[in-house]
Structures are given as C-alpha cells and as structure tokens.
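Here is the structure we will look at, set down as structure tokens.
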Amino acid sequence: MTMDAIRQRFLMCRPTYFAVDYAINPWMDPTAPVDADLAIRQWEQLRQVYRDLGHTVEEIAPVPGLPDMVFAANGGTVIDGKAMAVQFRDPQRADEAPAYRAWFESAGFELYDPKHVNEGEGDILLVGDVLLAGTGFRTAHASHAQLQEVFGYPVITMQLVDPRFYHLDTALTVLDERTVAYLPEAFSPGSQAALRRLFPDGVHATMADAEVLGLNAVSDGRHVVLPAQATDLAAKLRDRGYETIGVDLSELRKAGGGPKCCTLRLRQGKASK
Ligand code: ARG
C-alpha cells in the first residue's frame, strides 16, 4: 500500500514561558516540578520532526504570563484560508485569544470571531469534508452551529465524557481524509455509535495509549507523529500501513498536552486542504 503524505503548514509557539501554575484539567498539578528547559528541548525536537518530514512550521511569539500558549491547536481553526478565532472557557487562557487572532490577521487569513466558548483545533477536527466538533468540557455546543456557517462543512457533535480527555484531540486522531483513531470510552454512547457509522474501520485505541496522550497525534496521511509512550497504538497504526514517529513531550504532558496540542494546522485554500 502506498500512502501519500500531504505537505502541511503548521503554527507553533515556543514554550518560553511554559509552566504549570494553575489547574484547569486533571493532568495539571501546580505543586509538581516541571523542567522548563527540557520542555523547550522536547518542543524543538517536535518542530524538527515536522521539518524533516517536509512540513512548514511558522511560529507565533510567546507572551509572558501565558504558560499554556505553547498549545497552538487552541489558538484557532483555520480552513480554506478562513481563520476562526477562539474564546477560552478559563480566564487563565483568555489573553491567548487576541494574540492568536492578531497573528491570523497579519498572516492574511479571513477572520471570524467566536460567539461562544470555542477552543479551536483542540475540539474541532476536519476529517475529509466533515468537521468533528467536541463538547462537554470546553467548546460550547452552541459554537458548533457557528462553525458550520463559517466554514460550510457539515459539523458532527462529539460528546466527551471523561475529564482526562477534555479536548477532542486528546481522544481522537485524524489519520487521513477517511479515517481516525479514537478511544471509544471517552465518548458518550451516541457519539460512539456515530463514530462507528462514520468510520467503520476506525482504529480503536486502548486506555493505556490514551493515558499517555497517545491520541494527541499529528498525521500527514502517511506519517503519524505521536507520543513515544503510546506503543500499542503505534503498532496498530504500523499494521495499517502508517509510519509512526514517537516523540517525548513528558514536560508538556504535565499540562495535559501532547504533539497535536502544540500544532495548529494552517489550511490556506482548497488546493492545500
Ligand atoms: N493546559 C492546557 C489546557 O488545559 C492544555 C491544552 C491542551 N491542548 C489541546 N489541544 N488539547 O487548556
């Protein structure tokens, strides 16, 4: 089987001011030590992996006092040259939204402002011509209707039920235009049924994979960059013909983030979708 990799354009934010100063998800323990220098080295390795795969990495300047700004996936949703800005649930992250918004504006994207809580590609994932939109913890259900109006892709609501998998991208990975990998038990029964209908050959991850944030992965359709600790998931993906690349983001995981959280896909237009 030959699988074609699609060259991607990503936005990332160096974790210069990364810390775990507050707890807005169950992974975060402000009393546990974090090695800030190691966090930067691990993030640089992730950026190098993308460059080695031929992807383009753009960077937004980190802002002091915004320790979670490294999680660029939460900065917006960018499809067909349109950028939907974000509105965070938690006040600790609120000031990231205008910083990312300004970046999209200067990069020439057509801007849209959210009317409800919307945490960007953390909860909103394009699979082929369908937008999967998470809700339950962060992104408000009401924002899903706005996403469909702005982008014109059918939006399918995914109800998240486990607080450890608070963003859709912690429970589901888009592998290519046709299929996904996911942790079934992170979703409500109705959402699980919908996932089975949409993706009958979807890869089911184990709890052990999900607990190392293995599903917080980035695929270009051929290579899947995922946490090195997610060994079962990596083996399943290799069986399906994907090439897996393990990365260690142990320090960022202390904030509840992995490779995908650090990576916002910039989709310029239809041709480079
Ligand atoms: N500490 C961050 C938060 O709780 C982590 C965000 C992870 N990002 C993601 N796309 N899942 O908001």
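The share of accessible area on the chain that comes from carbon and sulfur is 50 percent, using a 1.4 angstrom probe.
The figure for residue 55 is an accessible area of roughly 20 square angstrom, using a 1.4 Å probe on the protein chains alone. Rolling a 1.4 Å probe over the protein chains gives residue 188 an accessible area of about 20 Å².
Here the sum of -39500 (n - 2.57) over DSSP H runs of 4 or more residues, divided by the residues of the chain, equals -7000 deg cm²/dmol at 222 nm, to the nearest 500.
Given the protein chains as shown and a 1.4 Å probe, how many square angstrom of residue 112 are accessible, to the nearest 10? Here the residue's solvent-accessible area equals roughly 60 Å².
Using only Cα atoms, what is the ratio of the radius of gyration of the chain to 2.2 N^0.38 Å?
Cα-based Rg divided by the globular estimate yields 0.90.
Computed on the range 1-80, with alpha-carbon pairs under 8 angstrom and 6+ residues apart, the relative contact order is 47 percent.
Under the criterion of Cα pairs below 8 Å and six or more residues apart, the relative contact order for the range 9-265 equals 20 percent. Bridge orientation summary for the chain: considering DSSP beta bridges with both residues in this region, about 45 percent are antiparallel.
The values are calculated or read from the model by the stated rules, or taken from the named source; none is laboratory data. Source: prediction; values computed, not measured. Only protein heavy atoms, including side chains, enter the accessible area calculation; ligands, DNA and RNA are left aside. Shrake-Rupley method; radii C 1.70, N 1.55, O 1.52, S 1.80 Å.
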